[in-house]
Amino acid sequence: GARVVLTPAAQKGSGMLAKACELAERHGWFLVRQFENEANADVHSRTTAVEILDGILMPCIGEIGAKWEHNEIGVADEHGASEILRRLVSRLGARSELKAGLRAVVACVPGDEHELGLSALAAYLESEGWDVVYLGRSMPAAELVGAVGENAPRVVFLSLSMIAFLGGAVDVAAGIRK
């Protein structure tokens, strides 16, 4: 039974808060006043960010991929929807003030341009306090191996969206092990 109320993008968070205050006053609703609590940003990124990723964005990513794979949407629709999701994912993780003391390098293997799932993983790790070195799409093997050496991560996450990229993943893993 929820209803989405949009506010002008140019007004950003202050416009959203003003609208929430207006609606609470008009309808006698309880206003949480979450922005007056200093701990809110940390709690939000540790709870709500993960809930948004798990409950909304990841299912959307899967559905878009499935529709594209079954030719139900074209490349333009897939790219447009993916870009919207990419922007949403990018806003979730980095706000956490938690510090887990752990570093991860995350990257797509050579040739793989599909980084949306990888972006979601990076946002999740950041929300858990990880220091994430995000290298993005289609990382050349030598550059990726070098970045791992320079950053000394606890873990490396390699993303590949198709079996055709498995050889590149194996080459990168072998280079990291050396």
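A short reminder: the numbers here are calculations on the coordinates, not readings from a lab. Computed from a prediction, not measured in an experiment: that's the story for all the values here. Cβ atoms come from the backbone with ideal geometry, glycine included; neighbour counts cover every protein chain shown.
Computed values, structure above
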{"read-out": "Distance between region 47-68 and region 146-178 - C-alpha centres, whole angstrom", "value": "25"}
{"read-out": "Percent of beta bridges antiparallel (DSSP, the chain, rounded to nearest 5)", "value": "0"}
{"read-out": "Projected area, mean over directions - the chain, Cα convex hull, nm²", "value": "13.0"}
{"read-out": "Rg/Rh (Cα only; Kirkwood hydrodynamic radius) as it applies to region 105-162", "value": "0.95"}
{"read-out": "Computed helical MRE - 222 nm, the chain, DSSP H runs ≥ 4 contributing -39500 (n - 2.57), nearest 500", "value": "-14500 deg cm²/dmol"}
{"read-out": "Dipole-positive endmost among ALA20, SER119, ALA49 within the chain (Cβ charges, Cα centre)", "value": "ALA20"}
{"read-out": "Where labels lie 7 Å past Cα in the beta-carbon direction, separation of CYS60 and LEU166 in nm", "value": "3.2"}
{"read-out": "Along the chain, longest interval not containing exposed GluC sites (Glu not before Pro), exposed being DSSP loop plus at most 14 other Cβ atoms within 10 Å", "value": "114-178"}
{"read-out": "Separation in nanometres of the label points that stand 7 Å from Cα toward Cβ, at HIS79 and ALA152", "value": "4.2"}
{"read-out": "Karplus-derived HN-Hα couplings along region 114-131 (A = 6.51, B = -1.76, C = 1.60, θ = phi - 60°), whole Hz, x at Gly and Pro", "value": "8, 9, 5, x, 5, 4, 5, 4, 4, 4, 4, 4, 4, 5, 8, x, 6, 8"}
{"read-out": "Nearest-ten-degree value, helix 12-27 long axis tilted from longest Cα axis of the chain", "value": "40"}
